[in-house]
Amino acid sequence: MKRILSGMQPTYQLHLGNYLGALKNWVDLQNAEPENENLYCVVDMHAITVPNDKLNLEQATREIAAAYIAAGIDPKKSAIFPQSAVGDLHAQLMWLLATMTQIGKLNRMTQFKDKAGKNAEKAGLGLYAYPVLMAADILIYNATHVPVGEDQKQHLELARDIASTFNHRFDKEFFTLPEPMIMGAATRVMSLRDGTQKMSKSAESDMSRINLTDTPEMIADKIKRAKTDPNPLPDTVEGLEGRPEAANLITIYAAMNNQTKEQVIAEFAGKQFSEFKPKLSDLTVEKIAPITARMRELLADVSEIDAILKDGAEKARSVAEPILTEVKDIMGFWRG
Ligand code: TYM
């Protein structure tokens, strides 16, 4: 049995990268391996590491939970909960782990460098310490597997590193080293405007991403206007090299349709984008529109979401509490 944990930040709306790189894989895993224990967190304490006046944290948390449920995370099979509802435990473990995290390793975190930009001196301590909280999110449950997109790989490596430092220091194989699961065809979905940049919530142009809340018309328009190159689609996957935009659209199609890139290429070899794009657009709408519709329904009356989050938080707490107690025992804290 695996104990699976993952999370998303309630910062802006979720996009196709979040869906194909993470959420869709969570759903596939939940359904393919019913014996697993699944914990899906809305990481609201991470969302406050970059100041954002416009963010309504409570609403954004419900929206992410609604997206999880609408995409197929079943609250009967998976705990869905806000990180802050178990925040006392996550934050306490974070402090303990912070004492065994090397600054040199935090200095190498690319996400911090990207988010802090040129103004790193003015960035908050929370943004810098973010990967330690993420390690605590995982280790507080002693999770065995963490399904994420490729951009989280470095954070996962740090979490494994911290777990292993703890085990060494206290000479006990207490923490399982969590395995990253970077799954499916689309581990890194790129911007629709520039195939060399990651599709992201924070990119300025909304045309660069497909949001889970976009209407079918918006999806069609964004795909129609997505950047491409003048050549027809190649007849091998190798032919996508040096063609980042074409590679990205093929990758999206493959992931959405549960196919390999080879299968998609076999179908569209030699075709023009004018032929491929409407097919991609229809497929995207077919998969995303029902999720969007279900999200709207769920958000129209938040009582169901709130009940699910409350239940999920209770479940999460029941797993985390004994683990934190044991960590403190191992470290030698007074117990009374
Ligand atoms: P976040 O909120 O940025 O993204 C949520 C998930 O979506 C994936 N993702 C992508 N996958 C493919 N292509 C993309 N363009 C793309 N953009 C985002 C991310 O890899 C992620 O899986 N640090 C995490 C949140 C977190 C977490 C955790 C995750 C906090 N604690 C513990 C796992 C376990 C983050 O910022 O994800």
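The values are calculated or read from the model by the stated rules, or taken from the named source; none is laboratory data. These figures come from a predicted structure and were not determined experimentally. All Cβ positions, glycine included, derive from the backbone under ideal geometry; neighbour counts span all protein chains shown. The protein model used for the area step is the full one, side chains on, heavy atoms only, and it has no ligands, DNA or RNA in it. Shrake-Rupley method; radii C 1.70, N 1.55, O 1.52, S 1.80 Å.
Just one of the listed residues (Val86, Val50) is of a type outside the set (Phe, Trp, Tyr) and either modelled with pLDDT under 95 or open to solvent by 60 Å² or more (accessible area, probe 1.4 Å) (or both), namely Val50. When Gly184, Gly195 are screened for being at positive phi, surrounded by 15 or more Cβ atoms within 10 Å (Cβ to Cβ) and not β-branched (Val, Ile, Thr), only Gly184 passes.
If the condition is being over 16 Å from Ala47 (Cβ atoms) and either of a type in the set (D, E, K, R) or in contact (Cβ under 8 Å) with a residue 60 or more places away in the chain (or both), then region 115-138 contributes Lys118, Glu121, Lys122, Ile138. Taken over region 128-147, the residue count meeting the criterion of being open to solvent by 10 Å² or more (accessible area, probe 1.4 Å) and among the hydrophobic types (A, V, I, L, M, F, W, C) is 3.
For region 157-169, indicate whether the set of residues that are under 16 Å from Leu20 (Cα atoms) and buried (at least 16 other Cβ atoms within 10 Å of the Cβ) is non-empty. Checked region 157-169: no residue is under 16 Å from Leu20 (Cα atoms) and buried (at least 16 other Cβ atoms within 10 Å of the Cβ). If you filter region 142-173 down to residues that are touching an Asp or Glu at 6+ places or on another chain (Cβ under 7 Å) and outside any strand (DSSP E or B), you find that the one that is nearest to the ligand (Cβ to nearest atom) is Thr144. Just to be sure before I move on: is Gly239 small (Gly, Ala, Ser) and at pLDDT 95 or above in the structure I sent? Criteria met by Gly239. Within region 1-17, residues that are among the charged types (D, E, K, R) have Cβ atoms under 6 Å from residues that are in a strand (DSSP E or B) in these pairs: Lys2/His145; Arg3/Glu37, counting only partners at least 6 apart in sequence or on another chain. The residues of region 26-44 that are more than 8 Å from the ligand (Cβ to nearest atom) and either on the phi > 0 side of the Ramachandran plot or crowded, with 23+ Cβ neighbours inside 10 Å (or both), listed by number, are Trp26, Asn38, Leu39, Tyr40, Val42. Could we say that Met190 is closer than 22 Å to Leu97 by Cβ, near the ligand (Cβ under 10 Å from one of its atoms) and open to solvent by 10 Å² or more (accessible area, probe 1.4 Å) here? Criteria not met by Met190.
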